[in-house]
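Asker: Got a structure for you, written out below as structure tokens; questions coming shortly.
None of the figures in this text is laboratory data; all of them are computed from the coordinates on show. The model shown is predicted, which means the values in this text are computed figures rather than measured ones. Cβ: placed from backbone, ideal geometry, glycine included. Neighbour counts: every protein chain shown.
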Amino acid sequence: MKNFNLKKYPQITVLETTPQLEVLLTIIRDKKTRRNDFIFYSDRIIRLLVEKGLNFLPVRKKDVLTPTGAKYKGKKFVGKICAVSIVRAGESMEKAIREVCKKIRIGKILIQRNEKTAKPILFYTKLPKDISKRYVFLLDPMLATGGSASVAIRVLKEAGVKEKKIIFLNLVSCPQGLKNVLKKFPKIKIVTAAIDNYLNKKAFIVPGLGDFGDRYFGT
């Protein structure tokens, strides 16, 4: 993470750099890692991202009685949630969010990047009918130029989702993509596992981990 002052962007949350996370990131970054291991360890990181993202949901007080008959002053989530994956790579994150959030509704946005211009093209959208009333977890493992993410966020806003209710989860990001997205949508929240150094001439994140979708789905 070179020349990027995280303090200027309170909207960004980076997972705590622990020995465990460093090991997981090392495994999925290694080009020699086999597909089944890439999937397994990516899923572990995605689970951490989902758990961290849930901390941004509003809560209120709730008192319950424990089996001992004692009162426990606890909390409960307020508001409905859903997830929207940016197809195809974002679909890799659906398993983890389903494991954490029971019966969660999941929408789809298909955006493909023009290989010559690296610009995003919107092809397909399918969202829950009541998405405007929900908090939305936007799922995409890589934040490179920020083009696809920006298109997806625009689609969500046009569907009535409030910008402050969008929580974007991704594994690996870079300064350029983060700045581009937050310049257009300063009220969203971004949760990432790592902020890498820069984009190369092909608009790939460096050091990065290659094409996440290809490695995860084996294509």
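Asker: Among the residues of segment 172-207, count how many are in a strand (DSSP E or B), touching a Phe, Trp or Tyr at 6+ places or on another chain (Cβ under 9 Å) and among the hydrophobic types (A, V, I, L, M, F, W, C).
Answerer: First pass over segment 172-207, keeping only residues in a strand (DSSP E or B): 172-173, 189-195, 198-199, 205-206.
The next check asks that each one be touching a Phe, Trp or Tyr at 6+ places or on another chain (Cβ under 9 Å); those that pass are 172, 189-192, 195, 205-206.
Those still in the list that are among the hydrophobic types (A, V, I, L, M, F, W, C) too: 172, 190-191, 195, 205-206.
Counting residues in segment 172-207 that are in a strand (DSSP E or B), touching a Phe, Trp or Tyr at 6+ places or on another chain (Cβ under 9 Å) and among the hydrophobic types (A, V, I, L, M, F, W, C) gives 6.
Asker: Pull up segment 208-219, narrow it to residues that are in a loop (DSSP other than H, G, I, E, B) and in contact with a strand residue (DSSP E or B) (Cβ under 9 Å, 6 or more places away or on another chain), then point me to the one that is surrounded by the fewest Cβ atoms within 10 Å (Cβ to Cβ).
Answerer: Here is the first cut: in segment 208-219, the ones in a loop (DSSP other than H, G, I, E, B) are 208-211, 218-219.
Checking the rest, the ones that are also in contact with a strand residue (DSSP E or B) (Cβ under 9 Å, 6 or more places away or on another chain) come to 208-209, 211.
Working: 208: 19, 209: 23, 211: 13.
Residue satisfying both the conditions and the ranking: 211.
Conditions (1) in contact with a helix residue (DSSP H, G or I) (Cβ under 6 Å, 6 or more places away or on another chain); (2) acidic (Asp, Glu), marked per residue:
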site	(1), (2)
127	no, no
172	no, no
187	yes, no
196	no, yes
202	no, no
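Asker: For residues that are surrounded by 14 or more Cβ atoms within 10 Å (Cβ to Cβ) and of a type in the set (D, E, K, R), scanning just segment 185-207, find the one that is nearest to residue 152 (Cα to Cα).
Answerer: By that ranking, first place goes to 189.
Asker: Quick check on segment 126-153: of everything there that is of a type in the set (Lys, Arg) and in contact (Cβ under 8 Å) with a residue 12 or more places away in the chain, which residue is surrounded by the most Cβ atoms within 10 Å (Cβ to Cβ)? Working first, answer last.
Answerer: Here is the first cut: in segment 126-153, the ones of a type in the set (Lys, Arg) are 126, 129, 133-134.
Checking the rest, the ones that are also in contact (Cβ under 8 Å) with a residue 12 or more places away in the chain come to 126, 133-134.
Values: 126: 11, 133: 14, 134: 22.
Only one residue fits best here, namely 134.
Asker: Does residue 4 fit the bill of being part of a loop (DSSP other than H, G, I, E, B), buried (at least 17 other Cβ atoms within 10 Å of the Cβ) and out of contact with any Ser or Thr (no Cβ under 8 Å at 6 or more places or on another chain)? Talk me through it step by step, then tell me what you get.
Answerer: Values: part of a loop (DSSP other than H, G, I, E, B): yes; buried (at least 17 other Cβ atoms within 10 Å of the Cβ): yes; out of contact with any Ser or Thr (no Cβ under 8 Å at 6 or more places or on another chain): yes.
When the stated conditions are applied, residue 4 passes them.
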